[in-house]
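The values are calculated or read from the model by the stated rules, or taken from the named source; none is laboratory data. Please read these numbers as outputs of a predicted model, since none were measured by experiment. FYI the Cβ positions are ideal-geometry reconstructions off the backbone, even for glycines, and counts take in every protein chain you see.
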Amino acid sequence: MENKNDESIEKDNEDKEETSEKKKKPVAKDLVTLKHVEVKKQEISPETRNLAQTLKERYLEHDQFEQLSNDEITILETFMGKRLFLERIAIIANQSRMPLGIPGFKKAELEKILDDLNSKGYIVSELVGDKYVYFLTERGKYRVQ
């Protein structure tokens, strides 16, 4: 029984020696020396600045989607490629607003939004009988996609 204890003590001693040898080896962080690197801000050339400004102006001239309000976008999305009467537009638009606790569009408010969308070129209206029918233009279809 003493042999077993002696053997286990010897193994423990050997393990301790191995771990102490491992501890003596240098660690990677000790081997690496860090040095400070200067970082300079990159200057924008006047040519690049002019090109960016020109592209921005052309984009704004080409399509001014940013000018649409949330209500206008909501109304545009009710169309989905259909021709709709004012009453149908009101029903579809208000269905999404009522469950959220947002008051529905009133007729005058809806007509004003539709007029704004018409003036911006997103929709067109036609008189059918005594009511107006509204439908998307190509620009409106592109915006909804």
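When GLU72, GLU2, GLU61 are screened for being at pLDDT below 60 and closer than 30 Å to LYS120 by Cβ, only GLU61 passes. Among the residues of the stretch 83-106, not a single one is outside any strand (DSSP E or B), closer than 17 Å to ARG143 by Cβ and in contact (Cβ under 8 Å) with a residue 60 or more places away in the chain. So, of the residues in the stretch 118-145 that are modelled with pLDDT under 85 and in a helix (DSSP H, G or I), which turns out to be farthest from the chain's Cα centre (by Cα)? Restricting to residues being modelled with pLDDT under 85 and in a helix (DSSP H, G or I), the top hit is GLU138.
Rundown of residues vs (1) surrounded by 11 or more Cβ atoms within 10 Å (Cβ to Cβ); (2) touching a strand residue (DSSP E or B) at 6+ places or on another chain (Cβ under 7 Å); (3) among the aliphatic types (A, V, I, L, M), yes/no style:
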{"residue": "ILE44", "(1), (2), (3)": "no, no, yes"}
{"residue": "ASN50", "(1), (2), (3)": "no, no, no"}
{"residue": "GLU57", "(1), (2), (3)": "no, no, no"}
{"residue": "LEU76", "(1), (2), (3)": "yes, no, yes"}
{"residue": "PRO99", "(1), (2), (3)": "no, no, no"}
{"residue": "LYS107", "(1), (2), (3)": "no, no, no"}
{"residue": "LEU117", "(1), (2), (3)": "yes, yes, yes"}
{"residue": "GLU138", "(1), (2), (3)": "no, no, no"}
